[in-house]
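Written out below as structure tokens is the structure these notes cover.
The values are calculated or read from the model by the stated rules, or taken from the named source; none is laboratory data. Treat the numbers as computed from the prediction; the structure is a model and nothing was measured. Cβ placement follows ideal geometry from the backbone for every residue including glycine, while neighbour counts extend to all protein chains displayed. The accessibility values were calculated without ligands, DNA or RNA, using every heavy atom of the protein model including side chains. Shrake-Rupley method; radii C 1.70, N 1.55, O 1.52, S 1.80 Å.
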Amino acid sequence: RQGIGEPSVYHAVVVIFLEFFAWGLLTTPMLTVLHQTFPQHTFLMNGLIHGVKGLLSFLSAPLIGALSDVWGRKSFLLLTVFFTCAPIPLMKISPWWYFAVISMSGVFAVTFSVIFAYVADITQEHERSTAYGLVSATFAASLVTSPAIGAYLSQAYGDTLVVVLASGVALLDIGFILLAVPESLPEEMRPVSWGAPISWEQADPFASLRKVGQDSTVLLICITVFLSYLPEAGQYSSFFLYLRQVIGFSSETVAAFIGVVGILSILAQTIVLGILMRSIGNKNTILLGLGFQILQLAWYGFGSQPWMMWAAGAVAAMSSITFPAISAMVSRNADPDQQGVVQGMITGIRGLCNGLGPALYGFVFYLFHVELNEMAEVETLGKAPKPNMANPTDESSIIPGPPFLFGACSVLLSLLVALFIPEHNLVLRSGSHKKHSNGAQTHSPQAGGSDGKEPLLEDSSV
């Protein structure tokens with residue numbers, strides 16, 4: 001067996017940590033390069049770049065998962081990490097090529113899907129939840145620490161050093177996979193022949209979406225996920241840029257903001273979530289999380305001062321309990337052989353949002369003329385106010401962040417839909433087996449084989 005020792009969760013943890021640590025280091029340089037490359041329509045171009053990447057990931061994730069079932073996990077770990085990290089050195093070589101390759105890298109930017117399949121190969125079912133939690137915590141830890149380190153090095157030594165360091169970390173990750181990570185999928189678990197046919201239905205990204213209408217409860221859950229995750233995906237792609245160049249945060253303050261909100265989110269998803277689930281129940285926890293998300297987005301939308309962003313960030317940490325609570329509701333109420341079906345649907349919805357959300361946010365920023373043309377002057381003068389609020393009659397003086405208010409309205413609709421989700425006797429229980437025997441039941445073997453989909457939902461429930 002190639003690699004060091006037997007395959008373990010710790011191999012997966014190291015791969016995830018190094019990949020996202022490398023990208024976290026680039027938080028500060030990337031904001032600068034983005035504005036320098038697209039000075040006129042920064043938010044619009046940022047949204048389009050992340051939108052193309054997200055949509056390509058949504059389309060390719062099922063296929064890569066199916067191929068990894070045939071050829072093993074290690075080769076696809078190597079492939080996904082290599083192409084995900086390939087744009088990093090281009091940041092200083094050619095910014096235009098950097099953003100172009102980022103967009104196209106979405107085809108392979110599905111490392112998490114392969115990592116979760118790797119973990120599923122080597123853990124028992126009762127161990128899997130803890131293993132996913134460890135991987136998730138490692139991902140959060142890498143993003144909590146690396147932006148602050150990157151911001152410090154960028155200020156002290158320049159962006160070039162940060163890009164070189166990030167490239168070195170990415171190469172270390174690739175080398176670790178090549179030399180240290182053993183294959184997790186035993187030969188006897190793969191198809192007999194290397195040329196065995198692939199289930200194209202399993203590799204179809206729209207297959208799970210077509211199943212949504214088969215049950216009213218699944219439909220309600222998927223609509224809730226779509227309406228609440230769409231603004232979250234858009235916010236993630238543009239919010240740090242918004243803080244840096246519109247609100248007036250320094251690169252060090254952005255890094256500190258990421259760290260503080262990340263730590264609070266980890267606490268919310270572990271300690272606070274457990275208390276809420278025991279005290280007010282599963283469905284009420286979902287509703288509470290959606291309520292926090294509405295407050296957070298509205299505060300971002302109307303907030304014009306740095307302290308408002310910090311306060312809203314604390315609320316954002318509490319809103320992170322929504323998806324773990326939805327995950328727990330599905331996993332507790334669905335039969336074991338049916339969980340992959342429902343989880344695959346929800347994961348497909350989230351993948352779709354990862355493409356649509358950033359593009360939507362960029363387009364709304366563009367419609368409301370939130371641009372950054374005077375950023376350099378503001379930085380030179382050391383001023384914090386937003387450049388486009390110099391004129392009191394500007395609409396942005398009333399609504400500084402229009403996309404966040406659009407997001408708040410979307411989550412409000414999600415909350416109204418979630419009110420109708422039954423907390424008990426959810427979909428695919430034994431009592432409703434006959435109802436689904438011709439629908440979801442026929443797909444359960446494929447759902448079990450699509451390990452890359454299942455853990456994404458279960459990971460949030462830890």
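Is it the case that residue 131 is within 16 Å of residue 11 (Cβ to Cβ), outside the structural domain of residue 354 (by the TED database) and at pLDDT below 75? Judged against the criteria, residue 131 is a match. Scanning the stretch 1-60 for residues that are hydrophobic (A, V, I, L, M, F, W, C) and over 26 Å from residue 117 (Cβ atoms) gives 25, 26, 30, 31, 33, 34, 38, 43, 44, 45, 48, 49. Scanning the stretch 239-252 turns up no residue that is more than 30 Å from residue 32 (Cα to Cα) and at pLDDT 80 or above.
From 57, 68, which residue is in a helix (DSSP H, G or I), in contact (Cβ under 8 Å) with a residue 40 or more places away in the chain and farther than 26 Å from residue 241 by Cβ?
Details: 57 fails: farther than 26 Å from residue 241 by Cβ.
Every option except 68 fails the conditions.
Against the condition on the phi > 0 side of the Ramachandran plot and outside the structural domain of residue 361 (by the TED database), how does residue 72 come out, does it pass? Yes: the conditions hold for residue 72. Among the residues of the stretch 78-86, is any within 15 Å of the chain's Cα centre (by Cα) and buried (at least 17 other Cβ atoms within 10 Å of the Cβ)? Scanning the stretch 78-86 turns up at least one residue that is within 15 Å of the chain's Cα centre (by Cα) and buried (at least 17 other Cβ atoms within 10 Å of the Cβ).
If you filter the stretch 1-27 down to residues that are more than 19 Å from the chain's Cα centre (by Cα) and part of a helix (DSSP H, G or I), you find that the one that is surrounded by the fewest Cβ atoms within 10 Å (Cβ to Cβ) is 10.
When we screen 157, 152 for residues that are free of Cβ contacts under 8 Å to residues at least 40 places away in the same chain and over 23 Å from residue 175 (Cα atoms), the only hit is 157.
Given the structure, is residue 37 touching a Leu at 6+ places or on another chain (Cβ under 8 Å), modelled with pLDDT under 85 and closer than 30 Å to residue 161 by Cβ? Before the answer, list the steps.
On the way: touching a Leu at 6+ places or on another chain (Cβ under 8 Å): no; modelled with pLDDT under 85: yes; closer than 30 Å to residue 161 by Cβ: yes.
In short, no.
Restricted to the stretch 223-238, and to residues there that are within 16 Å of residue 47 (Cβ to Cβ) and polar (S, T, N, Q), the residue that is modelled with the lowest pLDDT is 237.
On the stretch given as the stretch 87-108, residues that are within 18 Å of the chain's Cα centre (by Cα), open to solvent by 30 Å² or more (accessible area, probe 1.4 Å) and under 29 Å from residue 158 (Cβ atoms) total 1.
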